Amino acid sequence: MSSLRSVLVHVDASGRCPARLAFARALAARHEAEVAGLLAVAPAFADLPFAYAAGGEAAAAMQQIDADRRQHARAAFDDANRGAGAAMQWLAPGTSAPIAAFVEAGFSHDLLLLGQRDANDATNVGVPPDFVEAVVMGSGKPVLVLPYVGEYKAHADVVLIAWKPGREAARAVDGTLPLLRGARQIHVLRAVEGEESPTRDVGALEAHLARHGIGAPVVQHGRSGALTGEALLSLAADVGAGLLVMGCYGHSRAAEWMLGGVTRTVLKSMTLPTLLAH
């Protein structure tokens, strides 16, 4: 992705949705891109199927919960859409399950913008617990995930790339190219095994960035052994990174996507916007 022309942002009824929408609009303004918001939440009966099956007042209560969620999400979207700047497009939710609906819609957009799951959030907003992971693995698109705490700029002056020669990391970097233009500094953390040189492959990566007009100095960091999520987040904090870029590794097992430990750690403990690709 050499240019960013369309962003699809996940809309829900959570308290962090307004910040996600504001980020999406600011990002689109910077890149002169279009933004579409898709409400993708599961119906209330998915959590309480027996209540819905009971009918009567219980079923009516479930329907009211769904209506309240839609109204709250649409109100947040309309509020974020006011004022100067390009208008965001509202995509009406269909009948598909939330993950399938968002993945399908994401096929026709350059970048997908999601929010980190807050395991301590007691509010039930109908977002599946594996929403982020499933969208990353199923869409084939670069996915930018915002942490559930903090405020973040739509442009990062300092970027950290977790580099491992392979498809996933290469796709993550290519998906980030538009976001890297204008960066002041790029850090690359490369795992070093055995007698390998820590600069192996990083020079080629730097040349690749330069061919796309990204001239920020590249600072290389080598780490013995495999990368860990803790090491990535620690280095990101040390260098003051505003964006982490990494490949998302996984494999299919019993019809479920199982993510590697690095990805799981980052998604659980992320402290900065993180772009993932598979």
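Quick note: the coordinates plus some simple rules give every number you see, no bench work behind them. As the structure is a computational prediction, the values presented were derived from the model and not from experiment. Note that we place each Cβ from the backbone using ideal geometry, even for glycine, and neighbour counts take in every protein chain shown.
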(message) With the crude spin-label approximation of a point 7 Å out along Cα→Cβ, what separation in nm comes out for Ala58 versus Gln89?
(response) 4.1
(message) Restricting to DSSP H runs of at least four residues, report the calculated mean residue ellipticity at 222 nm for the chain, -39500 (n - 2.57) per run over all residues, nearest 500 deg cm²/dmol.
(response) -12000 deg cm²/dmol
(request) Starting from the Cα-Cα distance between His155 and Ala26, subtract it from 0.36 nm times their residue separation and give me the gain in nm to one decimal. (result) 45.5 nm
(message) Can you give me the angle between helix 17-31 and the longest principal axis of the chain, using Cα atoms only, in degrees from 0 to 90, rounded to the nearest 10?
(response) 50
(message) Using the basic label-point model (7 angstrom from Cα toward the beta carbon), what is the Gln71 to Phe107 distance in nanometres?
(response) 3.5
(request) Could you check what % of the DSSP bridge pairs in the chain are antiparallel, to the nearest 5? (result) 15
(message) Can you pull out the chymotrypsin sites (Phe, Trp or Tyr not before Pro) in the range 103-198 whose DSSP state is coil and whose Cβ has at most 12 other Cβ atoms within 10 Å?
(response) Phe107
(request) Taking a cut-off of 24 Å between Cα atoms, list the lysines near Lys153, but don't count ones fewer than 8 places away on the same chain. (result) Lys141, Lys268
(message) So, R0 is 45 Å and r is the distance between the beta-carbons of Arg5 and Val219; what FRET efficiency does that work out to, to 0.05?
(response) 0.90
(request) Quick one: net charge around Ala170, please, counting Lys, Arg +1 and Asp, Glu -1 for every other residue with C-beta under 12 Å from its C-beta. (result) 0
(request) Taking the Cα centre of the chain as origin, sum charge times position over the Cβ atoms of Lys and Arg (+1) and Asp and Glu (-1), and report the length of that vector in debye to the nearest 20. (result) 540
(request) State the extension gain, in nm to one decimal, for the chain segment bounded by Asp130 and Thr271, taking 0.36 nm per residue of separation less the distance between their alpha-carbons. (result) 48.9 nm
(request) Starting from the range 80-166, pick out the trypsin sites (Lys or Arg not before Pro) whose DSSP state is loop and whose Cβ has at most 14 other Cβ atoms within 10 Å. (result) Arg82, Lys153
(request) May I ask for the distance between the Cα centers of the range 70-98 and the range 8-42, given as a whole number of Å? (result) 8
